[in-house]
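S.K.: Dropping the structure in here first, questions after.
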Amino acid sequence: MSSLFAQRLKQARACRICEAQLPLGPRPVLQMAPNARIMIIGQAPGLRVHETGIPWNDPSGDTLRRWLQLSREQFYNPELVAIMPMGFCYPGKGKSGDLPPRPECAPAWHEQLLELLPNIELTLLIGQYAQRHYLGKQYQTLTETVRHWREFAPTRLPLPHPSPRNRHWLTRNPWFEQEELPALRQRVHQVLGKSSFKL
């Protein structure tokens, strides 16, 4: 790991730019290494992730790993998978679920970190915040964006959030599991199959 990469990752994990707005204080949660092949950009850590400091360490993460057909060992290997949410810290509870990710993180850190990750071949954009930031407003809704996933493949794939709250969305949109998930799994294993780390 280069000294520049290590220094910048350390700085990101020590970030305090929106400390005053965080109900439980800052605890940036991200995972990466210079050789990572896949980048996962979600929303922001939930309460359990904040408490453990482990990204996607909750039922949503269980679903995401099932979607990707990756074991916990593979998923948490930073040489394979980088994880960088739109908001690095738990934003607190809102009226219906967690608050949106803090808007300061992505402009402050994403570009700085991505430029040190030259081997990323696939970026998974999970949820509307990541999709709007990286894909723009080509489509009005998350459903429309995800439905048009082929337009962004093979380097970027928009996904719904794997939260248990979204089970009704999955029921209403069976094409996701029938069409996008098989393509997602094939692409994930294609990309990681090139890595020097065994799947």
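The values are calculated or read from the model by the stated rules, or taken from the named source; none is laboratory data. Being a predicted model, the structure only gives us computed values, none of them experimental. All Cβ positions, glycine included, derive from the backbone under ideal geometry; neighbour counts span all protein chains shown. Surface accessibility is based on the protein's heavy atoms, side chains included, excluding ligands, DNA and RNA. Shrake-Rupley method; radii C 1.70, N 1.55, O 1.52, S 1.80 Å.
S.K.: Largest first, what is the accessible-area ranking of Leu30, Leu114 with a 1.4 Å probe?
M.R.: Correct descending sequence by accessible area is Leu114, Leu30.
S.K.: Once a ≥ b ≥ c are taken as the square roots of the eigenvalues of the Cα gyration tensor of region 1-138, is the result rounded (a/c under 1.5), prolate (a/b larger than b/c) or oblate (a/b not larger than b/c)?
M.R.: In terms of gyration-tensor shape, rounded.
S.K.: Mind checking the dipole of the chain: about its Cα centre, +1 per Lys or Arg Cβ, -1 per Asp or Glu Cβ, Debye to the nearest 20?
M.R.: On the way: 25 positive and 16 negative charges, 41 e Å.
Its charge dipole is roughly 200 debye.
S.K.: Also: Output ³J(HN,Hα) for region 76-93: one whole-Hz value per residue in order, computed from phi by the Karplus curve 6.51 cos²θ - 1.76 cosθ + 1.60 with θ = phi - 60°, and x for Gly and Pro.
M.R.: Karplus-based 3J(HN,Hα) across region 76-93 equals 9, 8, x, 6, 9, 10, 9, 10, 9, x, 5, x, 6, 10, 4, x, x, 8 Hz.
S.K.: Only Cα pairs within less than 10 Å get springs; with that Gaussian network setup on the chain, which residue of Gly42, Gly97, Gly127 has the largest fluctuation?
M.R.: Gly97
S.K.: With a cap of 16 neighbouring Cβ atoms within 10 Å, and only residues DSSP puts in a loop, list the trypsin sites (Lys or Arg not before Pro) found in region 1-84.
M.R.: Those satisfying the criteria are Arg16.
S.K.: Could you check what % of the DSSP bridge pairs in the chain are antiparallel, to the nearest 5?
M.R.: 15
S.K.: Just in region 113-193: which chymotrypsin sites (Phe, Trp or Tyr not before Pro) are loop by DSSP and have at most 11 other Cβ atoms within 10 Å?
M.R.: Those that pass, being in a loop and sparsely packed, number zero.
S.K.: Shape verdict for region 81-199, please, from the Cα gyration tensor: rounded (a/c under 1.5), prolate (a/b greater than b/c) or oblate.
M.R.: The shape class here is oblate.
S.K.: I would also like to ask the following. Report the charge-dipole magnitude of region 46-122 in Debye, nearest 20, computed about the Cα centre from +1 at each Lys and Arg Cβ and -1 at each Asp and Glu Cβ.
M.R.: Using Cβ point charges on Lys, Arg, Asp and Glu, region 46-122 gives about 400 debye.
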